[in-house]
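Novice: Here it is: the structure, laid out below.
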């Protein structure tokens with residue numbers, strides 16, 4: 001009964017509303033009729049209610065509620081049993097799935113084991129075949145080596161014989177070549193000695209001629225003029241220190257290029273102090289490039305001159 005009300009409550013509520021509307025209309029109609037009706041004598045009306053009837057109705061209601069509770073309990077128990085059955089069914093499904101997975105894994109492992117056994121068998125078979133092939137190849141190689149060894153021995157004997165013959169022929173050729181080489185070397189040594197002696201005589205003559213020319217050039221007026229030009233060029237660049245003497249005389253050695261560019265300057269004997277010597281060296285470097293002589297024989301890579309400021 002309770003489930004019926006729960007499922008059809010909307011229809012029941014609609015029916016009650018319709019009845020309420022009709023009751024309202026009926027009430028309004030009766031009210032209008034009473035207003036138009038003549039007055040009547042009031043009378044007291046009473047309804048007698050039997051207590052037994054009331055008790056029966058209450059008992060029926062209690063029985064109905066008990067039946068409803070019993071039905072609800074039965075439904076709850078049924079739902080619990082169904083839930084338990086579903087849970088048991090799910091557990092059985094899970095166990096079946098796990099069992100199936102174990103069976104599948106075992107099947108996979110079995111197949112893998114069979115594959116490994118087959119692979120090992122194939123490997124062993126291949127190894128035996130390879131061993132047989134190697135043994136046959138080794139036997140074939142041994143036979144070939146023996147045959148080749150025989151051929152090499154015969155060839156070696158033939159080669160030795162030809163080598164001995166060739167060695168004899170080469171030795172004879174080398175002996176003749178050595179004799180010819182000795183003869184040619186003796187002739188070449190004689191020619192080189194004569195050429196060396198001729199070059200030496202020519203070199204000595206040239207050196208004597210150059211020495212005579214250099215001596216003539218060094219004692220010529222051109223040499224004095226060349227050194228005077230260098231002294232003047234250095235003196236123009238010289239900053240006279242306060243300690244310089246009036247009779248200053250310094251011997252200066254200069255290393256220069258053919259163009260007169262000064263590579264170094266060094267004061268040797270000098271009657272001046274260190275400041276004077278340094279000033280002379282600075283003057284030589286500042287005067288670079290130095291004048292070049294008109295006669296090329298007067299130029300020297302290392303030139304020595306006397307620096308006498310204001311003098312000859």
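Novice: Is it true that residue 96 is assigned to a helix (DSSP H, G or I), over 52 Å from the mean Cα position of the chain (by Cα), under 30 Å from residue 3 (Cβ atoms) and without any contact (Cβ under 8 Å) to a residue 60 or more places away in the chain?
Specialist: Judged against the criteria, residue 96 is not a match.
Novice: Scan the range 35-68 residue by residue and report those that are surrounded by 10 or more Cβ atoms within 10 Å (Cβ to Cβ) and modelled with pLDDT under 80.
Specialist: Listed by number, the list holds a single entry, 54.
Novice: Is it true that residue 187 is more than 60 Å from the chain's Cα centre (by Cα), part of a helix (DSSP H, G or I), modelled with pLDDT under 85 and surrounded by 10 or more Cβ atoms within 10 Å (Cβ to Cβ)?
Specialist: For residue 187, the condition - more than 60 Å from the chain's Cα centre (by Cα), part of a helix (DSSP H, G or I), modelled with pLDDT under 85 and surrounded by 10 or more Cβ atoms within 10 Å (Cβ to Cβ) - is not met.
Novice: Is it the case, given these coordinates, that residue 135 is under 60 Å from the mean Cα position of the chain (by Cα), modelled with pLDDT of 90 or more, assigned to a helix (DSSP H, G or I) and surrounded by 11 or more Cβ atoms within 10 Å (Cβ to Cβ)?
Specialist: No: the conditions fail for residue 135.
Novice: Condition first: within 13 Å of residue 240 (Cα to Cα) and touching a helix residue (DSSP H, G or I) at 6+ places or on another chain (Cβ under 6 Å). Now tell me which residues in the range 256-283 satisfy that.
Specialist: Scanning the range 256-283 gives a single hit, 283.
Listed here are the residues, each with its yes/no results for (1) in contact with a strand residue (DSSP E or B) (Cβ under 9 Å, 6 or more places away or on another chain); (2) part of a loop (DSSP other than H, G, I, E, B).
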| residue | (1), (2) |
| --- | --- |
| 258 | no, yes |
| 272 | yes, yes |
| 275 | no, no |
| 278 | yes, no |
| 281 | yes, no |
| 284 | yes, no |
| 291 | no, yes |
| 306 | yes, no |
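Novice: So, in the range 293-304, of the ones that are touching a residue at least 24 places away in the same chain (Cβ under 8 Å) and in a helix (DSSP H, G or I), which residue ends up farthest from residue 246 (Cα to Cα)?
Specialist: Top of the filtered list is 297.
Novice: From the list 274, 212, 218, pick out the single residue that is at pLDDT below 85, more than 60 Å from the chain's Cα centre (by Cα) and exposed (fewer than 12 other Cβ atoms within 10 Å of the Cβ).
Specialist: 212
Novice: Then there is this: Given the conditions (1) loosely packed, with under 14 Cβ neighbours inside 10 Å; (2) in contact (Cβ under 8 Å) with a residue 40 or more places away in the chain, and given that residue 256 satisfies all but one, which numbered condition is not satisfied?
Specialist: Checking residue 256 against (1) loosely packed, with under 14 Cβ neighbours inside 10 Å; (2) in contact (Cβ under 8 Å) with a residue 40 or more places away in the chain, the one that fails is (1).
Novice: Continuing with the same structure: So which residues in the range 229-256 are in a helix (DSSP H, G or I) and in contact with a strand residue (DSSP E or B) (Cβ under 9 Å, 6 or more places away or on another chain), if there are any at all?
Specialist: 230, 231, 234, 235 - these are the residues of the range 229-256 that are in a helix (DSSP H, G or I) and in contact with a strand residue (DSSP E or B) (Cβ under 9 Å, 6 or more places away or on another chain).
The values are calculated or read from the model by the stated rules, or taken from the named source; none is laboratory data. Being a predicted model, the structure only gives us computed values, none of them experimental. Glycine gets a Cβ as well: all are built from the backbone with ideal geometry, and neighbour counts include every protein chain shown.
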